[in-house]
Structure formats: C-alpha cells, structure tokens
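This report refers to the structure that appears directly beneath it.
The values are calculated or read from the model by the stated rules, or taken from the named source; none is laboratory data. Treat the numbers as computed from the prediction; the structure is a model and nothing was measured. Cβ placement follows ideal geometry from the backbone for every residue including glycine, while neighbour counts extend to all protein chains displayed. Surface areas here come from the heavy atoms of the whole protein model, side chains and all, with no ligands, DNA or RNA. Shrake-Rupley method; radii C 1.70, N 1.55, O 1.52, S 1.80 Å.
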Amino acid sequence: MTRTETQPVIEVSALTAHYGSRKILDSIDFHVEPGEIRIIMGGSGSGKSTLLRHLLGLNRPTGGTVRLLGVDVARASAGQMHELRRNIGVAFQGGALFSSMSVGENIKLPLREHARLDETTMDIMVRLKLEVVNLAGFEHLMPAQLSGGMIKRAAVARAVIMDPKLLFFDEPSAGLDPVVSAELDEMILRLREAMNMSIVVVTHELESAFKIADRITVLDHGSILMTGTVPEVQNCPHPRVQDLLNRRPRRSEVNAEDYLRRLTGG
Amino acid sequence: MADTAGQSPAVPIEHLGRAAVAGIEEFGYYFLLWLESLYWLLFGWTRKQPVRLAAMAAQMVTIGIAATPIVTILAFTIGVMLAIQGIATLKTFGAEEQVVMGIALSVTREFAALITAIVVAGRSGSALAARIGTMQVSQEIDALRVMSINPVRYLAAPVLAAMMVMVPSLTLIADFAALLGGAVFTNLELGLPYAAYLDRTLSSLVFDDVRQGLVKSLVFATIITVIGVSNGFQVTGGAEGVGRATTRAVVLSISYIVVADMLFTYFLNR
C-alpha cells in the first residue's frame, strides 16, 4: 500500500445508502485522521449504524466511496479486502462472540485463521490481550458464563488480537452500568495510547463521547449536522444538536392536513 | 400502489410474478451457495484459507455418528414394514417367497436413501438453519466477515463435505438395517432361513441398485446442506425469524428431497 502516515485512515465521500427505496444516508463526507478517536453520535434512526456497516464494508453503497487505509472498499479485490480486514478490528454491540467457543478460542480465532503460529505463541498472545482488557484468567469460560461488561471486553480483546490500525466500537456502553461503562471508556483511551490506533466509536452516550472524543460527528436523518471537537459541539447553536445534548424531545411541527392523511391511510 | 389494492385485476398477476421472481432468486441463491462451498473445499488452500479438517470432522460426528442409531432403527422398521406389505400382497398370487427380491430392490434403490435423508434433514438441516440463523441475529456472521473469515468457507463448506460423506454412509447402514428387518420378519412369518434370505437378496441385487441409492443420497445431502445454510443466512427478525427459518428449512428440504427422488428414480430407470 502506498500511503503516507498523515493520510486519513478513513475517507468517505458523498456516501449515499438506501434500504429499498428509503434513503438512509445522504451524501456523507467523513474523514478520520491517524491516531484520532472519532465519535459518531446521533439518535436512533439517524443512520449511524448504517454508516458503521458501510465503514466496515458490510453493505454496498448506492453512491459515493468509502476508503479505509487507502483502499476503496467497493472496488477492492478479494485479496485487497482480506489484507485490509486484517488491519481492522471491530467490537460489536452485543459482543458477537461465538457461543460455541470459549473466550480464549474466540480471541484466538483470527490468529488461527490468518497467522501461522504455534499453539503456545497464540496462547500467550491471547493472555496478553486479556490482560489489556482486564480479563486475565477468563480464557476457559464460555461466553454464556460472562456478564455483559465482560463480554464487551472479551470482544475488544478479539478485535485487537491482530494489532489493527483501525478499531471500531458499536455502542460500547449500551446496556452497561455507569461504572462498567466508564471503565470501558478508560480502556478505549488506553488502547489508543498503547497501540496508537485510530478509533471510531458509534454511540449515543453523551458523557462517554465527551470523555474520549478528539472529534465528534453528529448525524441526523442520514446527514452530518457537524463535525468538531467537544467544546465546538457543546457550543454549536444548531437546534438539533442542542436537542441531542439536552435530551430534548424532537420538535416536529404537525401539519394538520398531513396528519389527517396519515391517520386515514390515504 | 395502495389505492389499487383489492380492485385491479392486475394485482393477483403481480403477486404471481413477484412470487415467481422470488422463487427463481432463491433457487439462484442456493446454486451460488453450493458453487461457493465447492470452491472453498477445492481451492480454499490455494488462497491460504483452507476448509478446516477439524471442523469437517466435528460436523461428521454430529451429522453422521450421532444419527446412526435412529437411522438404523427406522430403516429396520421400514424393512419389517416392506416385508409385511410384500407378503400380504404376494400371498394373493401364492408368491410370498418373492418378497425377498421386492424388499432388496425397494430398500437399496429407494427407501434407505429416502429415510436417511428425511432423518438427516430433520436432525441436521434444522439445526444448521437454527445455528447459522442465531449467528446472523447476534451479528456473529458480521463478525466473521470483518475478521475476513468467509462465512461460506467457515460455516457452509465443512457441513457440505461432512454431509457428502455421512449421508451416503448412513444410507449404506440403512440398507443393511432394512434388509435385516426384512429378513427377521420373513423368517418369523414364512420360516425362511437367514442364509436363504441372504442368498436370494444377493442374487437379486446388482451393484447398480445400491449405486442408485447412493447417487440419490449425494443429491439429498446437497439439498439438505444448501437449504439449511441458505435459510440460516437469510434470517431477519430475531428469535422469531430463526424459528421460521428452521421450520422452512426442514419443510423445504423434505419437499425437495421427495421431488428430487422422483425425478432421479425416473431418469435412473430409463
């Protein structure tokens, strides 16, 4: 790959996506710099999960391009994609650990599939990553035996086992109590420091976003409202941004005629 | 579109058209999935992504070894049933002794493969759809993809390989069990010694009869795998979706098996 260290790790331009005929993302432009922690924030239905799926190359866009580490995801060959994905880690919302495997086997899976290492080396690497996420000694448990917070941390250990350059988190604090969620935030900061990764976090948790973000991208109804640092977002006058920050319900003007038409199904 | 609902005569035709397109689309999906699984089995190692032997072995145990007792028992019962029916029917012609040939041919050509396929579809086809469907719902399939572990290679290909080995093997076991069932009942009912039964069975069977059953069982193995895996991958809508996919996988597999059986019987006997 012919990329320089300063080139953005994620370059999204004019990304448009549809579910059937419904437009979910509307010409999104989005750049993440190396070593940055970027938060993608937005309410439910803002398109942030869809954006993440596109960033991961799981969905095909209807328009625009997504480049990760310099590779155009939609045009990459199978080989390029394979190479690229070894440099990407993802911690899914529910952990997505394989329920038929122990925690250790789960974390070991990418190594087993992509690296030629002997069992002892892989065991050591697994224990190393488990130390990083504070789960030392849990490698023999099955995912069903773990608590919600432990599952998420195990998922992080699996995501970083190949030492990726780019790490994605989907709703890291969803369903966790405030203490565990704060610990997870600390962990994200520590990961960046220790491994110098670029990290993208999709979340709607304000507190956690403000604590870890270098920059925040606010998404609403499939388009980007703004991208900025924490103070910039906090001082943004845009009413939708302020709604999100102050937990205000959406103020949508009711058009009497439309309302009647919707009710009568006409 | 909403304002034409229930009024326009074009609506039923439109539904028919949509259903036909969906059907063809699904069939294409099955076919591609089968091709992709074969590709990974044959050429995965050239891309340094082989289908793991350990995964195949594990599948062989759950699909084959674990199903052996039930297949044996059911096949034995079928053998007894064929003997009962055969003797009752042939009695009218005073040709009860011919029942041996009837059992030998219908078991090897038809019933062993069919009963094996139905048992495997019920046991493993459903389990396959449920397992892959649950993985789809809990984002485990997405996790595989972002780890650059091809889900077809990792989940479907080992099952296909295991099925291609185990369904014919089970069919052979079913052949023996059903013939034994026939022998036991014939012995009790007509007093035919086992040695004579074996002798007549061997003299009425040619290799092609057994081969016919085995060729069919390979087709059935493919049907069960492809339908189970496809329905699993296509799950949407949480736990309910998994349940629906599981039911659908079993019903579809058994239907396709019976239809394929008929077609193959027709063409193999021309």
Before we move on, is B:T236 in a loop (DSSP other than H, G, I, E, B), at pLDDT below 95 and polar (S, T, N, Q)?
yes
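Which one of A:P231, A:P249 is at pLDDT 85 or above, within 30 Å of A:E183 (Cα to Cα), over 19 Å from the mean Cα position of the chain (by Cα) and open to solvent by 20 Å² or more (accessible area, probe 1.4 Å)?
Values: A:P249 fails: at pLDDT 85 or above.
Just one listed residue meets the conditions, A:P231.
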Please work out if B:L82 is open to solvent by 50 Å² or more (accessible area, probe 1.4 Å) and either assigned to a helix (DSSP H, G or I) or closer than 27 Å to B:I224 by Cβ (or both).
no
In region A:170-177, is there at least one residue being away from chain B (no Cβ under 11 Å), open to solvent by 40 Å² or more (accessible area, probe 1.4 Å) and modelled with pLDDT of 90 or more?
no
Within region B:131-154, restricting to residues that are assigned to a helix (DSSP H, G or I) and facing chain A (nearest Cβ under 7 Å), the one that is farthest from the chain's Cα centre (by Cα) is B:V146
Can you find a residue that is hydrophobic (A, V, I, L, M, F, W, C), within 22 Å of B:T62 (Cα to Cα) and either surrounded by fewer than 19 Cβ atoms within 10 Å (Cβ to Cβ) or free of Cβ contacts under 8 Å to residues at least 40 places away in the same chain (or both) anywhere in region B:158-165?
yes
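For region B:214-236, state whether one or more residues are farther than 26 Å from B:L35 by Cβ and surrounded by fewer than 20 Cβ atoms within 10 Å (Cβ to Cβ).
No; the residues of region B:214-236 include none that is farther than 26 Å from B:L35 by Cβ and surrounded by fewer than 20 Cβ atoms within 10 Å (Cβ to Cβ).
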If I go through region A:182-210 residue by residue, how many of them are open to solvent by 90 Å² or more (accessible area, probe 1.4 Å), closer than 22 Å to A:V9 by Cα and in a helix (DSSP H, G or I)?
2
So which residues in region A:9-36 are within 30 Å of A:L191 (Cα to Cα), among the charged types (D, E, K, R) and part of a strand (DSSP E or B)?
A:E11, A:D29
When B:Y256 is evaluated against the numbered criteria (1) buried (at least 23 other Cβ atoms within 10 Å of the Cβ); (2) closer than 18 Å to B:Y29 by Cβ, which criterion, by number, is the only one it fails?
(1)
Could you check region A:61-104 and list, in sequence order, the residues that are among the polar types (S, T, N, Q), within 14 Å of chain B (Cβ to nearest Cβ) and either assigned to a strand (DSSP E or B) or under 21 Å from the mean Cα position of the chain (by Cα) (or both)?
A:N87, A:Q93
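Can you confirm whether B:A183 is assigned to a helix (DSSP H, G or I), within 14 Å of chain A (Cβ to nearest Cβ), touching a Phe, Trp or Tyr at 6+ places or on another chain (Cβ under 8 Å) and touching a residue at least 40 places away in the same chain (Cβ under 8 Å)?
no
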Checklist (1) within 14 Å of chain B (Cβ to nearest Cβ); (2) out of contact with any Lys or Arg (no Cβ under 6 Å at 6 or more places or on another chain) applied to A:I107, failing item:
(2)
Confirm whether A:M122 is more than 12 Å from chain B (Cβ to nearest Cβ) and under 24 Å from B:R52 (Cβ atoms).
yes
Inside region B:178-196, can you point out the residues that are within 26 Å of the chain's Cα centre (by Cα) and farther than 17 Å from B:A88 by Cβ?
B:A178, B:L179, B:L180
